[in-house]
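The values are calculated or read from the model by the stated rules, or taken from the named source; none is laboratory data. All figures in this text were calculated on a predicted structure; none of them were measured in a lab. Neighbour counts are summed over all protein chains in view; Cβ atoms, including those assigned to glycine, are modelled from backbone coordinates with ideal geometry. Heads up: the accessible areas ignore ligands, DNA and RNA and are worked out on the full protein's heavy atoms, side chains in. Shrake-Rupley method; radii C 1.70, N 1.55, O 1.52, S 1.80 Å.
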Amino acid sequence: MNTSRTKYFNFDWVTIILFLLLVGFGWLNIISASHTGETLNYLDFNQSYGKQLIFIFLTFGLVVVLLAIDSKFYERFSSIIYIISMLSLVGLFIFGKNVNGATSWYAIGGMTLQPSEFAKAATALAVAKHISDLNTNINSLKDQIKTFIIIIIPALLVLLQNDTGSTIVYGAFFFVLYREGLPKYYLTIGISMIVLAILALKFGAIVTSFIASILIFTYYFFNRKKVSLFQSVFILLLSIALSFGVKFFYQSILQPHQQDRISLWLRLEKDPAKLEQMKRTFAYNLNESEKAISSGGFTGRGFMEGTRTTGKFVPEQHTDYIFSTVGEEWGFLGCTFVVIVFVLLLLRILHLAELQKSQFSRVYGYGVASIIFIHFFINIGMVMGLIPTIGIPLPMFSYGGSGLWAFTILIFIFIKLDSNRINEW
């Protein structure tokens, strides 16, 4: 009897407590971001905080189901879960509801469901299953391509639905592959492409190509015994193609509002009048968010005492810009608390991932940590103006049932897998 109880209740309570802290504190900030000074009725389900409370209660039921399922189920049926998730994304092109320009939701009665949120967990399971397969060698080009295809399919489907923020999240799996032995030159290629893209937008394709040619041939000159001239020329041609390709993609593929967000971030616009107009139109959210955070000072204005929050100066403050509420009402101390809890959660998941006997569990654990990190990094960076505005929620914190349930599934599948690490698979 005691052995059975240990088997089913040996969950990592540190991770669970950190999860609950984020959900609970997030709900308090959703209350602040939703109310306008009226007397609060916490059970008013017409308000965002009332709806979120329902989502939270349903989350507890979801947790029970996730932890009740046998650990081996998630590995055995990961491929089927992935296929079903991909079909749900494809179905959006037929039955999807358009919200704010993105066709990413199913309308079910009076609520909406966003399958792209759940696709992240499904992809993490599929990647873990593929990499942990005995026939998979991550150093093999064939298996690398297969892994990339697993990741690219949902990313492409989400991108076609005009949900750029969720598409970027799939870049998180690079950290997973790198941990499992992906050759280091992929890291060099990835960083180089990002730097080239930024330089091409900032200084132009011709200038960027000239800089790249100097760097590449300088590297060749000092490493002639390791690098052939053919390799150097090939890399140079790819760099030139990327420089001109990024410019074309920016000008011809991206939508005007996406161009303006990047332009504001990189300060590409030279006309002062147009720049000021762009700031008023596209940087309004960011400007108000920064003002709200700075007005909080060290200790904040107090719970539901934020004037900019109560006055609704920051649009979408209960969703993508929820961190600005923390900054205004809880100040530097509150922001530090949130960051510390997220960092502790990430470190705890990574620590548990390294303890796993099963490669499937380890890879999945790294997938969980990487997805949460990308969301955390981009959302807070966006709210503070460090990176371009990208519509992406703060995990367990922002308003929304789909996001909360998706991260619950992501985390508690790993908690279930971890509870079984002492048993033989």
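Structural remarks
- Computed with a 1.4 Å probe over protein heavy atoms only, the accessible area of residue 291 comes to about 100 Å².
- Förster radius 35 Å - calculated FRET efficiency between residue 77 and residue 54, Cβ distance, rounded to 0.05: 0.75
- Protein-only accessible surface at a 1.4 angstrom probe places the residues 364, 186 in the order 186, 364, largest first.
- Once the Cα-Cα distance is subtracted from the 0.36 nm per residue extended length, the residue 227 to residue 354 segment shows a gain of 42.1 nm.
- Sites residue 44 and residue 203, calculated FRET efficiency, Cβ-Cβ separation with R0 45 Å, nearest 0.05: 0.25
- Summing +1 for each Lys or Arg and -1 for each Asp or Glu among the other residues whose beta-carbon sits under 13 angstrom from that of residue 359 gives +1.
- Only protein heavy atoms count here; under a 1.4 Å probe, residue 145 has an accessible surface of about 80 Å².
- Positive minus negative residues near residue 345 (Lys, Arg vs Asp, Glu; Cβ under 14 Å): -1
- Farthest toward positive dipole pole in the chain [+1 Lys/Arg, -1 Asp/Glu at C-beta], among 394, 125, 411: 125
- Chain lengthening between residue 299 and residue 133 when straightened (0.36 nm per residue, less Cα-Cα): 54.7 nm
- Charge dipole magnitude, Cβ of K and R +1, D and E -1 - the chain, Cα centre, debye nearest 20: 1160 debye
- Estimated FRET transfer efficiency when R0 is 51 angstrom, pair residue 185-residue 307 (beta carbons, to 0.05): 0.45
- Rounded to the nearest whole Hz, the Karplus-based 3J(HN,Hα) values (6.51 cos²θ - 1.76 cosθ + 1.60, θ = phi - 60°) of region 133-143 follow the sequence 5, 4, 8, 9, 10, 5, 7, 7, 4, 4, 6, with x at glycine and proline.
- On the chain, 68 percent of the accessible area sits on carbon and sulfur atoms, based on a 1.4 Å probe.
- Spacing of the two label points (7 Å from each Cα toward its C-beta) at residue 336 and residue 254, in nm: 3.6 nm
- Excluding ligands, DNA and RNA, the accessible surface per residue across region 78-200 is 49 Å² with a 1.4 Å probe.
- Heavy atoms of residue 298: accessible area, 1.4 Å probe, square angstrom to 10: 120 Å²
- Only Cα pairs under 8 Å and 6+ residues apart enter the sum, and on that basis the relative contact order of the chain stands at 26 percent.
- Candidates 255, 231, 161: whichever shows maximal mean-square fluctuation once the chain is modelled as a Gaussian network with Cα springs under 10 Å: 231
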